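These notes are about the structure you will find just below.
Computed from the coordinates by the stated procedures, all read-outs in this text should not be read as laboratory data. Predicted model, so just to flag it, every value in this text is computed and none were measured. Positions of Cβ are backbone-derived with ideal geometry, glycine not excepted, and every protein chain shown enters the neighbour counts.
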């Protein structure tokens, strides 16, 4: 029973994170994309977040078709103010 409750909580959290990503960081076609489209374009990307020199960098292969949209969303999310 507790495993089902935990699974339900994780699933609800994932849905909320996807919705907030679309609301805060995406625009145009991607802001209205279905979860399946977002999963294919954003979550399957072979990218790495690298930390160094007190900065975070997102390394995406140049051949990935949606690299520009992903980097724009990443930079927009990084400029959002932190909650205190």
First in segment 67-84 and over 17 Å from residue 41 (Cα atoms), second anywhere and outside any helix (DSSP H, G or I), Cβ under 7 Å, 6 or more apart: 76/25; 77/25; 78/56
Please state which of the following conditions residue 58 fails to meet, knowing it meets all the rest: (1) within 13 Å of the chain's Cα centre (by Cα); (2) part of a helix (DSSP H, G or I). (2)
Scope segment 49-72; condition over 19 Å from residue 25 (Cβ atoms) and touching a strand residue (DSSP E or B) at 6+ places or on another chain (Cβ under 9 Å); matching residues: 50, 51
